[in-house]
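One structure is given here, and the rest of the page talks about it.
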Amino acid sequence: MSEHATTVTWTLNGKQVESPPGLTIMEAAKLHDLEIPNFCYHPGLSIAGNCRICFVESNRSPKPVISCSERIAEGLEIQTHSEMALEARNSVMEFQLINHPLDCPVCDKAGECVLQDHSYTHGPDRSRFEENKTIRHTKKLGSTISIWGNRCIVCTRCVRFCDEITGTGELCVVERGDRSVVDVFPGLPIENSLAGNVIDICPVGALIGEDFKFEARIWDMKKTSSVCAGCSRGCNIEVQSLDGFAKRIVARENPEVNEWWICDRGRYDYRYLLAADRVTDASAGGEPIDSDTADSSLNDLVSENGGIVGILVDPMMTCEELHLVNRLSSTLSDCQVAAWSTADGEAESFPNGFTISSDLHPNRAGVGAIIGKDAFSTVAKGLRRSLDAGDIDLLIVFAGFPHPDLEKKWIESIGKAKVRIVFSLQSGSWCEGADLLLPSTAPLEKEGSYLNQDGRLQRVRTLIAAGQQPFPSELVRLQALLTHLGERPRSVSSSGVFRELASSVEAFSDQSHSTLGESGCVLSSGKSAVGSMGGDA
């Protein structure tokens, strides 16, 4: 084969195929829609080749070869379902199961266990093992992770993750032979910022998250593809919920953003959805009101105001909500729109290139692209000066922060507005004295899109089923308000609002929710919007 060849011609199950050079047999077979069973292989980790379940028959070896490490070559002939290959895989499965406990009914991995899946297609239907099973430890490896050692098949995925991805190396394999099991070094629990990923990549139920233990069954939960709102990186996640309540957040693969990983901050930060200080009901002057009364009050307060209006948006809002705010501001005779944010977090970088942003706002770039690049800086300073001077007759505040760490000066300033409408996720001093307080949707409850720090626009989807929303979202209330003001004929879905946004803001032109797909797309002018937003006021 020429060193400049662009493809390799080889034979897969009797059919001649072509694949890019340098691929392993397993990788090349997958490109041809053929999955070879595996345990220890993971595309984001180095090849260990120790589970042996990926055996195939090769014309270049008298014995079966492992497809995860053997690479394709010209003239190679591979059989994945020959008698030799199946017998080898069946023997491996029988060996893997001799010490494995039969606790699938109580295992949290049941329903998504790779060992469970392969046991149906490989190996005998009963055990020939008559000796006593080897018992291994069950213990906590860290504050969020426990190990059921009897279930461990020593694939070393978790060990390689801590060595190669985080570079922290807390995990190792101790003992030998059938006593081998994963453990932590004495006095060094696994507490790094990406630790939860070892739970995701464990192919069996050996590593279990303490927050999810005995919480729900995977087949009962609704799975929602969304975007993490923990920082401006915009990692792709899958929200798993039961009866409208989030039970677990796991990483969703996106090679362009987060590969296969998410940080623990994004993974575990969803309990605020049920926090005691969560605003769930509307109130006027401190007195509870029903949803219909709240909508009427919102319409009246805005339509009857004839003075100067200020709108303060937050970077937890979706691009669609920000567009509706823009539409609202254009209908009012004298309106200023600015943005505010909470304090920054701590940035962190890892050896494989994964980074955690210090900017804790998922749509800061969206605010810059839609509201304006100076929304957090000069415009915000101008709105604060107007508030301090008592010039703002009506102030509409959006405070959808999951963990508000707001500047005291801002809270003092917004209290000086003559009339104040507040959309808030949690109760706080910024809500005190509000003429109308409305509940705000959390990021996991929103429908729309976020623009991340790299200018990539991605879909955000709600975990709440249609018709089960406890209160109208900002998307619904803002459209109803615009309809009341005669600025739109009716309310539409988030996709419809995005089409309006795409037609009015050049950076979003030629895009729709459909074109974003599952991994999003980089806007042509997104990066320039991100880079020129300026700091907070």
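The values are calculated or read from the model by the stated rules, or taken from the named source; none is laboratory data. Just so it is clear, the structure is predicted and the values come from calculations on it, not from any experiment. Note that we place each Cβ from the backbone using ideal geometry, even for glycine, and neighbour counts take in every protein chain shown.
Of the numbered criteria (1) surrounded by 14 or more Cβ atoms within 10 Å (Cβ to Cβ); (2) touching a residue at least 40 places away in the same chain (Cβ under 8 Å); (3) within 25 Å of Ile218 (Cβ to Cβ), the one Thr134 fails is (3).
Output the residue which, of all residues in region 419-432 that are touching a strand residue (DSSP E or B) at 6+ places or on another chain (Cβ under 7 Å) and touching a residue at least 60 places away in the same chain (Cβ under 8 Å), is farthest from Tyr272 (Cα to Cα). In this case the residue turns out to be Val419. Residues in region 180-192 that are modelled with pLDDT of 90 or more and farther than 26 Å from Thr355 by Cβ: Ser180, Val181, Val182, Asp183. Inside region 113-131, residues that are exposed (fewer than 14 other Cβ atoms within 10 Å of the Cβ) and either in contact with a strand residue (DSSP E or B) (Cβ under 6 Å, 6 or more places away or on another chain) or modelled with pLDDT of 90 or more (or both) make up a count of 1.
Going by what's in this entry, would Glu70 be described as modelled with pLDDT under 95 and under 37 Å from the mean Cα position of the chain (by Cα)? So Glu70 fits the description; yes. Output the qualifying pairs, or none if there are none: Cβ atoms under 8 angstrom, residues six or more apart or on different chains, first residue in region 156-181 and more than 13 Å from Asn192 (Cα to Cα), second residue surrounded by fewer than 21 Cβ atoms within 10 Å (Cβ to Cβ) and aromatic (Phe, Trp, Tyr). Partner pairs satisfying both residue conditions: Cys172/Phe185. Restricting attention to region 321-337, the residues being crowded, with 23+ Cβ neighbours inside 10 Å and among the charged types (D, E, K, R) number 1. Of all residue pairs spaced 6 or more apart or on separate chains, those with beta-carbon atoms under 6 Å, a first member in region 468-497 that is within 12 Å of Ser440 (Cβ to Cβ) and a second member that is assigned to a loop (DSSP other than H, G, I, E, B) are Ser473/Thr441. Applying the condition of being hydrophobic (A, V, I, L, M, F, W, C) and surrounded by fewer than 23 Cβ atoms within 10 Å (Cβ to Cβ) to region 240-256 and asking which residue is nearest to the chain's Cα centre (by Cα) yields Val250. Within region 98-114, residues that are closer than 22 Å to Arg179 by Cβ reach partners that are of a type in the set (A, V, I, L, M, F, W, C) and exposed (fewer than 14 other Cβ atoms within 10 Å of the Cβ) with beta carbons closer than 6 Å, at six or more positions or on different chains, in the pairs Ile98/Phe129. Can you go through Val522, Val492 and tell me which one is surrounded by fewer than 20 Cβ atoms within 10 Å (Cβ to Cβ) and farther than 24 Å from Glu238 by Cα? Step by step, each of Val522, Val492 is checked, and only Val492 is surrounded by fewer than 20 Cβ atoms within 10 Å (Cβ to Cβ) and farther than 24 Å from Glu238 by Cα. Just one of (1) in contact with a strand residue (DSSP E or B) (Cβ under 7 Å, 6 or more places away or on another chain); (2) surrounded by 15 or more Cβ atoms within 10 Å (Cβ to Cβ); (3) not acidic (Asp, Glu) fails for Gln96. It is (1). When Ile199, Ile147 are screened for being of a type in the set (A, V, I, L, M), assigned to a strand (DSSP E or B) and within 23 Å of Gly49 (Cα to Cα), only Ile147 passes. Restricting region 148-170 to residues that are aliphatic (A, V, I, L, M) and over 12 Å from Ile201 (Cβ atoms), the residue that is surrounded by the most Cβ atoms within 10 Å (Cβ to Cβ) is Ile153. Here Glu287 passes the criteria (1) over 17 Å from Ala417 (Cα atoms); (2) surrounded by 14 or more Cβ atoms within 10 Å (Cβ to Cβ) except the one numbered (2). Trp340 falls short on exactly one of the conditions (1) buried (at least 18 other Cβ atoms within 10 Å of the Cβ); (2) closer than 30 Å to Glu112 by Cβ, and that condition is (2).
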